[in-house]
Each structure stands twice: as structure tokens, then as C-alpha cells.
Amino acid sequence: MFLLKDWRRLSLLVFLICYLFFIGCATGIHRLYQGPPLPKGNVAQIINGSGNCILLKSIDGIEGSRCFRAPFATTAKVEILPGDHTLGVYCQIEKVVGGWYSSIKQDVKFKAEPGQTYLLDSKHDLTYLTWFFIIKNEATKEVIVEEGPFPLKFLGRFPLLR
């Protein structure tokens, strides 16, 4: 009887920890500045474009958290101060039929304006194993940065398709 109560408590504790972890990753706004949150008009936001292959590894040399796979999580946002920034990005493509492709980290510079939200995006060409990194203004859809082509490396096929 005593062990059953402990097991239930332990299960509840594990559930709560997992729940808080996933909620924090999915909805969190990561602030890369010190002090209290600033008004939205005084900071810039970076979010991942839906469903693309971008992995945001770092911003100005600060490594992303476990939540960020920009698919820094797909719905997470990063707030930064306006000014010049360097993003460390990867491209990782997982095609069910085509296999896995990945790149080495690329450092891309851009200037963030206050009150603006930027979407990270990419385009790739698997025929030539290349990809381009794109930053768009969310409101206007204007391309702010397009850099590349960067090389992609074929990592292999999914085991069940061999």
C-alpha cells in the first residue's frame, strides 16, 4: 500500500515536470537581453517560418536552448535588442523518400529594427545539394536577407526504405 502511494506521487511529479517543459518550449519567448521585458515596440522578434528546415544554433554567439529548433522550437520567439546581429544557422532536411540532408553552421549577419518581427526561412535544391537562408519581415513579407548557396550533405536514407 505504501509503495502504491509513492508510485502515484512519482508519476504525478514526472507528468508535471514533462508538462511544464513542453509548455515552456512551445509558448516561451526567449529574451536575449538583461532586465525586465521591454515593450514590443522597443525590441525585435525572431520566429521560425512554419515547417522549414532551419535550426537556429546561436544569436550573437549565445547558444540556443533545448527548446529551439527554428522547426531556439517551431512556435517559440526570440526577443532581441535592435541593431546588428549574427545568427548561427543550420539547414536540416528530412525527406521520407529522399533521406536526410544537413549543412554545417553558417553565420549570417542582419540588422534588426525596433518593433519588427522577422521570419526565418529557407529554400533548397536537392539536385545540387544547396540551400539559401532567408530572413523576411513578417508584416510586409519583404526579404531582408538572402544568403547562399550553402552546401548540403547527404546523410543517408531512412533504414526502412533501403
**Asked** Looking at this structure, is Gly115 at positive phi and in a strand (DSSP E or B)?
**Response** no
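For the subset of segment 93-129 comprising residues that are of a type in the set (Val, Ile, Thr) and under 24 Å from Ile59 (Cβ atoms), which member is surrounded by the fewest Cβ atoms within 10 Å (Cβ to Cβ)? Please lay out each step first, then the result.
Let us first name the residues in segment 93-129 that are of a type in the set (Val, Ile, Thr), namely 93, 96-97, 104, 108, 117, 127.
Keeping just the survivors that are under 24 Å from Ile59 (Cβ atoms) gives 93, 104, 108, 117.
On the way: Ile93: 19, Ile104: 10, Val108: 18, Thr117: 17.
Filtering segment 93-129 for residues that are of a type in the set (Val, Ile, Thr) and under 24 Å from Ile59 (Cβ atoms), the one surrounded by the fewest Cβ atoms within 10 Å (Cβ to Cβ) comes out as Ile104.
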For segment 147-158, pairs from a residue that is farther than 26 Å from Thr86 by Cβ to a residue that is modelled with pLDDT of 85 or more, with Cβ under 7 Å and 6 or more apart or across chains, are Phe154/Leu129
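Can you pull out every residue in segment 27-83 that is of a type in the set (S, T, N, Q) and modelled with pLDDT under 65? Steps first, answer last, please.
Step one: filter segment 27-83 for residues of a type in the set (S, T, N, Q), giving 27, 34, 42, 45, 48, 50, 52, 58, 65, 74-75.
Passing the criteria: Thr27, Ser50, Asn52, Ser65, Thr74, Thr75.
The values are calculated or read from the model by the stated rules, or taken from the named source; none is laboratory data. All values reported here derive from a predicted model rather than from experimental measurement. Because the Cβ atoms are built from the backbone with ideal geometry, glycine has one as well, and the counts that use them run over all protein chains shown.
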